[in-house]
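Read the figures in this text as sums done on the coordinates, not as results from a lab. As the structure is a prediction and not an experimental result, all values here were calculated from the model. Counting neighbours? That spans all protein chains shown, and the Cβs are built from the backbone with ideal geometry, glycine included.
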Amino acid sequence: MLEVQGIHAAYGDVRVLRGVTFDVQPAEIMCLLGRNGAGKTTTLKSVMGLLPLGDGCVTLAGENLATLPPHDIPRRGIGYIPQGRRLFPELTVGENIEIGLMTRSMGKETREWVLELFPRLRERLKQTAGTLSGGEQQMLATARALCLRPKVLLLDEPTEGLQPSMIALIRDVILKMKAEGVAIVLVEQRVDAVLQVADRVVFIENGTSVKTATADDLRKDPEILTRYLGV
Amino acid sequence: MLATLEGAVIASVLVLTAMGLSIVFGVMRVVNVAHGEFYMLGAVLAWYVSSVLGVNAVVGFVAALVLAPLLVGLIAAAADRLILKHLKYDPDRTIVATIGLLYIIQQTTLMTFGPDARPVAPPFNQRLALPWFEWGENGLEMFWPWGLSITSYKLFVIAAAAVVLLSLWVLITRTKLGLIMRATQQDSETALAFGIPVGRVYSVVFGLGAGLAALGAVLVVPIQQAHYLMGADPLLLSFIVVIIGGLGSLPGTVVAALLIGMSDGIISVFFSPTLAKIIATFLVAMVLVWRPQGLFGRAVT
Ligand SMILES: Nc1ncnc2c1ncn2[C@@H]1O[C@H](COP(=O)(O)OP(=O)(O)OP(=O)(O)O)[C@@H](O)[C@H]1O
Ligand SMILES: [Mg+2]
């Protein structure tokens, strides 16, 4: 579905990615693991076209995304849940959802579907997003991305700073999307949470993908975790 | 009373011009030093359009009211594509670039249309007498029709500015384009990640800002003549307004424009225009010292 081939990327002169390679298939959860500053967020931004690729390529169902203008990339069906939510803080909940619907011209039906998934948001449609609680903000960021009816979903530390009940809710939604055939890329710090849901794991170190392992590999050989994460 | 009305006319034009500057800064974080030149260009084009089509003052004026802001908006959008986009909207470099743009527009206008001040005939210009009441020897007296007067055109300017402002508010708060503009303003990177063509939004916003300045100028040319150096004053006043109102705050811009425009009118009538400018500049200094984010701005966190 989504294939990332040896990508390099930099912020101005600061080179951050030096060869990241992975792929994710429909109905699969692929986790990116790595220490703080390894380049996980940068990888997702590069996929979204928010950073220019220095080298390598990103293809979605065979189409080279690097040749598209960045605003066309989400329109191909990639939903992005950025690190730190990145809601439009002064827009209302309803307007944030509207932005998500506009991306791929989705209608009322999709709106109803995401509001069914997150009933809390329905009660707060007129509230400005910046005034929501952390958990509600994460629900909204997730809802906004689901408004695209994505084929690929990129989640960057969706459980950061949330309480357990909220983490469970987010995990349920991720599993539900997987069941619907969505290809999912998940960046997560909490290794235990990853092991519960991941099908495959890619380790990123200093901007390079150094190892790919399946969930089975990890269960059989927990040593891998220590080796690449030092935990 | 008369001074208040004169002030309201100045304020109306200033509201539109300052609004343009404020929207551009708010959404794009670009300080457009060439803003006054877009105003000037609006005025000069208004003269040009109305004198080319000028069989009839009304036809000429209406044509100018539509065409001049449209042309100026397109020129500004082109300038955004050709210049600002390539500077990646870097705050410092865009200031330098718009200073360059200022001179390009000014000199091109001078070479094309010459240095003369050009009048535009107002589409209508009846003298309207207003009743004036005063407490005199015989109790309350009414002076009319020889008390106060204003021309119908000046009232039209005030009404037109109010209508434009209202439409702008509807555009920003009630339409899809407005929603896209607000989203881009708040987080352009995330906007891009949700399919908003940020570059195009910037061009539209830059064109809209310049078009608003041009619209203010078209309204003003029947009162003041069009001239290639007329852009400096509105630029200065717009900056004062935007600083006092709070950078990028639209309600703040409206309130500050009314405040500055009215006081400019009133002080100019009773004292001198120079004093009005001194007081406005003093106000800016006070605001910068006591409330750097402006009266309505939010502190940067
Ligand atoms: N806007 C930026 N400009 C310059 N350097 C940046 C920028 N954003 C990130 N970096 C650098 O790029 C490197 C990778 O950052 P990135 O955010 O991708 O890491 P990460 O793996 O997501 O880390 P974390 O787990 O803390 O979120 C870091 O060294 C960081 O300092
Ligand atoms: Mg990160």
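Some observations on this one:
- Interchain or long-range residues, amide H under 5 Å from residue A:19's placed H: A:7, A:8, A:9
- In the structure shown, the pairs A:40/A:211; A:45/B:176; A:108/B:176; A:126/A:178; A:40/A:178 are assessed against 24 Å; a Cα-Cα span above that value is assigned to A:45/B:176; A:126/A:178.
- Here the range B:35-55 and the range B:223-301 have alpha carbon centers that stand 25 Å from each other.
- Backbone amide hydrogens, once placed in the peptide plane, bring residue A:125 within less than 5 Å of nothing, excluding anything fewer than 5 places away on its chain.
- Reachable lysines from residue B:277, criterion Cα separation under 26 angstrom, eight or more residues apart if same chain: B:154
- Residue by residue, the range B:117-127 carries 3J(HN,Hα) couplings of 6, 10, x, 10, 6, x, x, 8, 7, 5, 8 Hz when phi is fed to the Karplus relation 6.51 cos²θ - 1.76 cosθ + 1.60 (θ = phi - 60°); x denotes Gly or Pro.
- Global geometry of the range A:88-149, whether rounded, prolate or oblate, following the gyration tensor of its Cα atoms and the 1.5 cut on a/c: prolate
- Coarse-grained scattering of the protein assembly as shown at q = 0.08, 0.09 Å⁻¹, given as base-10 log I(q)/I(0) from a Debye sum over alpha-carbon atoms: -0.64, -0.76
- Computed from point charges on the beta carbon alone (+1 for Lys and Arg, -1 for Asp and Glu), the dipole magnitude for the range A:88-149 about its Cα centre is near 100 Debye.
- Farthest toward the positive end of the dipole of the protein assembly as shown, out of B:213, A:166, B:271, is the Cα of A:166, where the dipole comes from beta carbon charges about the Cα centre.
- Whichever aspartates and glutamates have a C-alpha closer than 15 Å to that of residue A:151, once near sequence neighbours (fewer than 8 apart) are set aside: A:3, A:23, A:28, A:63, A:72, A:180
- Relative to the dominant Cα principal axis of chain A, helix A:93-103 is inclined by about 60°.
- At q = 0.17 Å⁻¹, base-10 log of I(q)/I(0) for the range B:13-229 (Debye sum, equal scatterers on each alpha carbon): -1.13
- Rounded to the nearest 10 degrees, the angle from helix A:134-146 to the longest Cα principal axis of chain A is 80 degrees.
- For the range B:170-182, the Karplus equation 6.51 cos²θ - 1.76 cosθ + 1.60, evaluated at θ = phi - 60°, returns couplings of 5, 4, 6, 9, 10, 10, 4, 4, x, 4, 4, 4, 5 Hz by residue, with Gly and Pro reported as x.
- Exposed loop sites are taken as trypsin sites (Lys or Arg not before Pro) in a DSSP loop (any state but H, G, I, E or B) with at most 13 other beta carbon atoms within 10 Å; the longest stretch of chain A without one runs A:1-125.
- Think of each Lys and Arg Cβ as +1 and each Asp and Glu Cβ as -1; about the Cα centre, that makes the dipole of the protein assembly as shown roughly 460 debye.
- Straight-line reach from residue A:220: taking Cα to Cα under 17 Å and skipping same-chain neighbours fewer than 8 places apart, the aspartates and glutamates in range are A:192, A:199.
- J(HN,Hα) series, the range B:14-31, from Karplus relation 6.51 cos²θ - 1.76 cosθ + 1.60, nearest Hz, glycine and proline x: 5, 4, 5, 5, 5, 4, x, 5, 5, 5, 4, 5, x, 7, 9, 6, 10, 8
- Cα gyration tensor shape for the range B:192-246, rounded if a/c is under 1.5, else prolate or oblate: prolate
- Mean separation of Cα contacts under 8 Å (6+ apart) over length of the range B:13-229, as relative contact order %: 42 percent
- Ellipsoid semi-axes in whole angstrom, largest first, where each is sqrt(5λ) of the Cα gyration tensor of the range B:1-123: 28, 19, 13
- Dipole magnitude of the range B:13-229 about its Cα centre (Cβ charges: Lys, Arg +1; Asp, Glu -1), debye to nearest 20: 680 debye
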